């Protein structure tokens, strides 16, 4: 066993001695491998960096996923349950009549928003998905524009003021709310506040002329029952592909809807074009990579044909010669891959430092995960292995005497 | 120790073929056989077939008797078992090529020890020193082949080919690049080592005059036509 191990160790030493002796040739092979691996790493880093993020933003922009209900209807709980059960549905929540979804929001007399949109939210809402969950009636999430107008920070308290006309008199309902989060502009660009559905129902109750514990006035009808149907709903599809089928299903239930159909078509066209462009570049680059590997390693094997023949002459077996060639290819590929990674890191920093500054919502332009490097490394070794195995097999199949004579 | 019957190969030359044939050969351990003939008569081809690095078209008998074991080489060749042939070459054969036959990336010392290292065999240090001194290449041991003349390479190559004490030494024009003094020295050393270590040696040479009075068994190429030659005892 020891004898066998030391024999393979001896062949390993021989193959490395050969590489070291032919330093210039080894360097040229390494350089040619680097010249294809580094641009490929950078290309893929852009795909998984800026391109993937842009694609994700394009395809997952909540505004494009929304299905808006046209007009006011009578949607009961059964209908909401049905919508929620559809496989295309990502999120659904009842919405009151449009006139009842507006309120004034005040920080102080100088900082306020008139007629801000008031929108119900809950767990799973694509717009507030990264925000703290609203679980109380006195909590609100503000859009960044609303927060900016009121100069509000998270944790501050603001007033919500709603006005109704009752018996010819204007009455204000006021309640205090805690700001628990500010929604980035990329998610919602208008001045709005996101609240619990219960608070929105309470607003409608007030607007309809009833007394409300949340908006105390002392006037109005006393009615503790709340409606069990809603005029509208906020509905979001799971993906762009789900928007049209879900809208169709709703239309079948006599619910007229409006979607961003043309915008969605544009997004999907852009996605297809981006995907196609990248695929063509990637396939061409990978093909070039294989050709480059073949050129480098096969010419190296051709150059060594006399040495290979001599080694076989003195008794090296085919598998030992193959191991010798593969060891060289693996060593060169490993070194080339390490240098490629270092060069990639430089390119990666340059991309992120220079281009990242120009993209406000996109500071990471180029990125690769650790597993991407592992895959790239395995592919590099695999391509080298296959090329050298094929070339080596060809060299070994020639009778030693033929190669010794040719030289 | 070595017996061969009817070893034949036809090699393509331009649009025709040249046939090389060895009807019979028998060599004892320690015996030196000289192969002579004009250029192009197939001396090297014959050596390559005997050395198992060129597959013959025909072979009826090729036996090698070493360490009380009888190897049916003809059978291994016909089965084209390249690994078995490689094992036999490594253990029992020593080759000395015209141009030296050294790996360019190893220094002379490592080149000389190459066969022994491949076999994981310890060498006899006294014998190593003796051969180095005799051929006067001690000062070249740390140099690389390309730093040596062809003659120096031939001398180093001879030591490499016998350092692992093979049963059969095949030398293809071992003195082609040597001056008369070193050529005589090398021939004498080949004969000495062959007798001392029971090595059967087959030497292809154009330097026949140099050894014709040493009483060595000689195979000479007879051109039976322009397209074939036959190796027969002189």
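The values are calculated or read from the model by the stated rules, or taken from the named source; none is laboratory data. Because the structure is predicted, anything quoted here is derived from the model rather than measured. Methodologically, a virtual Cβ is constructed for each residue, glycine included, from the backbone with ideal geometry; neighbour enumeration extends over all protein chains shown.
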- Do we have residue B:87 as in contact (Cβ under 8 Å) with a residue 12 or more places away in the chain and within 12 Å of chain A (Cβ to nearest Cβ) here? no
- Message: Need the failing condition index for residue B:52 against (1) part of a helix (DSSP H, G or I); (2) crowded, with 19+ Cβ neighbours inside 10 Å; (3) touching a residue at least 12 places away in the same chain (Cβ under 8 Å); (4) within 11 Å of chain A (Cβ to nearest Cβ), just the number.
- Response: (1)
- Task: Examine the range A:13-32 for a residue that is within 25 Å of the chain's Cα centre (by Cα) and in a helix (DSSP H, G or I), and state whether such a residue exists.
- Result: no
- Message: Against the definition (in contact (Cβ under 8 Å) with a residue 24 or more places away in the chain, closer than 25 Å to residue B:8 by Cβ and more than 13 Å from chain A (Cβ to nearest Cβ)), how does residue B:28 come out, yes or no?
- Response: yes
- If you go through the range B:120-128 one residue at a time, do you hit one that is free of Cβ contacts under 8 Å to residues at least 60 places away in the same chain and under 15 Å from residue B:102 (Cβ atoms)? no
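Can you tell me which of A:57, A:78 is surrounded by fewer than 17 Cβ atoms within 10 Å (Cβ to Cβ), in contact (Cβ under 8 Å) with a residue 60 or more places away in the chain and in a helix (DSSP H, G or I)?
Going through A:57, A:78 in turn, just one is surrounded by fewer than 17 Cβ atoms within 10 Å (Cβ to Cβ), in contact (Cβ under 8 Å) with a residue 60 or more places away in the chain and in a helix (DSSP H, G or I): A:57.
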- Query: Within the group A:141, A:170, which residue is surrounded by 15 or more Cβ atoms within 10 Å (Cβ to Cβ), assigned by TED's automatic domain parsing to the domain that holds residue A:207 and not in a loop (DSSP other than H, G, I, E, B)?
  - Reply: A:141
- Message: Just the residues that are free of Cβ contacts under 8 Å to residues at least 40 places away in the same chain, touching a strand residue (DSSP E or B) at 6+ places or on another chain (Cβ under 7 Å) and outside any loop (DSSP other than H, G, I, E, B), please, taken from the range A:207-248.
- Response: A:210, A:221
- Residues (within 28 Å of residue A:51 (Cβ to Cβ) and surrounded by 14 or more Cβ atoms within 10 Å (Cβ to Cβ)) located in the range A:247-277: A:259, A:260, A:263, A:264, A:267, A:268, A:270, A:271, A:274
- Task: Give the residues of the range A:260-309 that are at pLDDT below 85 and in a loop (DSSP other than H, G, I, E, B), sorted by residue number.
- Result: A:260
- Item | So residue A:313, is it within 14 Å of chain B (Cβ to nearest Cβ), in contact (Cβ under 8 Å) with a residue 60 or more places away in the chain and buried (at least 20 other Cβ atoms within 10 Å of the Cβ) | yes
- Task: Please enumerate the residues belonging to the range A:96-122 that are assigned to a loop (DSSP other than H, G, I, E, B) and modelled with pLDDT of 90 or more.
- Result: A:121, A:122
